[in-house]
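Here's the structure, in structure tokens; my notes come after.
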Amino acid sequence: MPLHQMEEENFRSICKKKAEALEHWLRRVIDENYIQRYGEDYFQFQFDNGENLIKKDIVQKVKVRRNEQPERYSRDIDATLLEDLIAIICKQKQYSEVFKEVFNEVAPQGNEHLRFILNKIWETRNPLSHANPISVRQAEQLICYSNDIIECLQNYYKKKGEGRMYNVPTVLKYTDSFGNTIYREQMIKSGNGKVCLNFINDEKYYLRPEDVYSIELEIDPSFERDTYRLKWFVGSQIIESDSNRLVVELENKHVSEDFYIACWIITKNDWHRYSVGYDDEIVINLRVFPPY
């Protein structure tokens with residue numbers, strides 16, 4: 001349905017998802033390139049002349065956000081806003097040395113060209129974030145420009161040999177009731193591109209019957225929510241819930257040294273990445289002790 005025929009609430013929701021997908025891609029390309037060049041702690045990196053890699057005001061704002069919501073932001077890059085990402089990527093020297101190859105397809109005239117495009121997106125993203133009205137024209141610009149940049153980044157990774165042979169939604173982030181926030185790149189890679197988390201040997205995460213354990217997954221927002229479903233497994237039990245959030249009230253039947261929870265992401269395609277009928281999987285390994 002064309003945007004001008006939609007209720008504002010509906011096209012605002014589309015814009016929000018598209019902006020979040022774009023921000024995820026921008027954070028990824030910054031994080032991967034800067035870790036490679038400047039190390040894990042690149043937010044604190046200084047050049048020999050004393051210049052900061054990332055502006056002090058951005059570093060300070062990130063620190064405040066992480067202190068206020070530590071359960072939400074596990075890395076500095078996760079606490080950046082779109083305007084911070086624009087400032088980092090479009091800084092002339094860094095753009096020339098780091099990001100020109102990445103964005104040349106969508107911004108062949110350089111960093112100011114990319115800044116113009118990203119600022120157009122920000123001009124709509126900002127009122128969206130503050131519950132202010134946006135026009136249909138603004139929505140169209142955000143969606144089109146975001147699609148162009150995301151496609152550019154996808155092509156960049158394909159050229160690097162990291163493109164996905166199977167274009168399916170994947171789990172990007174895991175959070176739980178222990179306060180963990182873990183991103184896909186921090187997870188254990190199991191066979192065929194699947195991911196897992198292992199809490200069996202950490203007593204902070206030991207569970208017992210009557211404990212309540214909750215999980216929430218973030219799925220790649222570049223895929224529309226109605227194009228896939230989720231299927232949960234709690235040990236040998238299958239839970240038919242299509243939600244990306246799971247709450248488990250542990251019982252005696254869950255007691256085990258190798259208790260696990262798994263989630264399948266299943267597209268509505270007539271083919272699937274894995275032969276048993278799903279497209280991505282995350283497995284969480286836990287230990288549940290007997291009652292006291």
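The values are calculated or read from the model by the stated rules, or taken from the named source; none is laboratory data. All of these numbers come straight from a predicted model, not from anything done at the bench. Cβ coordinates were reconstructed from backbone atoms using ideal geometry, including for glycine residues, and neighbour counts include every protein chain displayed. Each accessible area value is taken on the protein alone, full model and side chains, heavy atoms only, with ligands, DNA and RNA left out. Shrake-Rupley method; radii C 1.70, N 1.55, O 1.52, S 1.80 Å.
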Original post:
If you take the C-alpha gyration tensor of segment 43-163, multiply each eigenvalue by 5 and take the square root, what semi-axes do you get, largest first, in whole Å?
Top reply: 24, 22, 14
Subject >> Length-normalised contact order of the chain in % [C-alpha pairs under 8 Å, at least 6 apart] >> reply: 16 percent
**OP:** Taking H placed 1.01 Å from N in the peptide plane, check which residues at least 5 places from ILE219 or on another chain put their amide H under 5 Å from its amide H.
**Re:** LEU172
Original post:
How large is the accessible surface per residue of the chain, computed with a 1.4 Å probe and reported in Å² as a whole number?
Top reply: 54 Å²
Original post:
Just by accessible area at a 1.4 angstrom probe, what is the order of LYS231, LYS61 from largest to smallest?
Top reply: LYS61, LYS231
**OP:** Taking the Cβ of VAL276 as the centre, find all other residues whose Cβ is under 13 Å away and add up their charges (Lys, Arg: +1; Asp, Glu: -1).
**Re:** 0
Original post:
What spacing in nm lies between the two simple spin-label points modelled at GLU7 and PHE233, each 7 Å away from Cα in the Cβ direction?
Top reply: 3.9 nm
**OP:** Consider just the alpha-carbon atoms of the chain and return their Rg together with their Dmax, both in angstrom.
**Re:** 21.0, 67
**OP:** Report in % the part of the accessible area of the chain that belongs to carbon and sulfur, leaving out ligands and nucleic acids; probe 1.4 Å.
**Re:** 46 percent
**OP:** May I have the convex hull volume per residue, in Å³, for the Cα set of segment 136-292?
**Re:** 144 Å³
**OP:** Find which of VAL234, ILE282, VAL29 sits farthest along the positive direction of the dipole of the chain, computed with +1 on the beta-carbon of Lys and Arg, -1 on that of Asp and Glu, about the Cα centre.
**Re:** VAL29
Original post:
Tell me, in nm to one decimal, what length is gained between SER135 and LYS16 on full extension, where the rule is 0.36 nm per residue of separation less the Cα-Cα distance?
Top reply: 41.5 nm
**OP:** Compare THR170, THR227, THR124 in a GNM of the chain, Cα atoms joined below 10 Å, and give the one with the largest fluctuation.
**Re:** THR227
Original post:
Can you give the accessible area of HIS130 in Å² (nearest 10), computed on protein heavy atoms with a 1.4 Å probe?
Top reply: 120 Å²
**OP:** Measure of size requested: the Rg and Dmax of segment 104-197, with Cα atoms as the atom set and Å as the unit; please supply both.
**Re:** 17.5, 47
Original post:
Which of GLY50, GLY179, GLY193 moves the most in a Gaussian network model of the chain with Cα springs under 10 Å?
Top reply: GLY50
**OP:** Give a residue-ordered list of calculated ³J(HN,Hα) values for segment 231-237 (Karplus: 6.51 cos²θ - 1.76 cosθ + 1.60, θ = phi - 60°; whole Hz; x for Gly, Pro).
**Re:** 9, 9, 10, 10, x, 8, 8
**OP:** Enumerate the calculated ³J(HN,Hα) couplings along segment 279-290 in order (Karplus 6.51 cos²θ - 1.76 cosθ + 1.60, θ = phi - 60°), each rounded to whole Hz, writing x wherever the residue is Gly or Pro.
**Re:** 10, 7, 8, 10, 10, 10, 9, 9, 10, 10, 8, x
Original post:
Computed FRET efficiency, Cβ-Cβ of ASP41 and ASN147, R0 41 Å: what is it to the nearest 0.05?
Top reply: 0.75
Original post:
Which whole-angstrom value gives the distance between the alpha carbon centres of segment 47-104 and segment 177-248?
Top reply: 29 Å
Original post:
Suppose every K and R has +1 on its Cβ and every D and E has -1 on its Cβ; what is the size of the dipole of segment 73-167 about the Cα centre, in Debye to the nearest 20?
Top reply: 140 debye
Original post:
What length, rounded to one decimal in nm, is gained on full extension from LYS55 through to SER256, with 0.36 nm per residue of separation minus their alpha-carbon distance?
Top reply: 67.4 nm
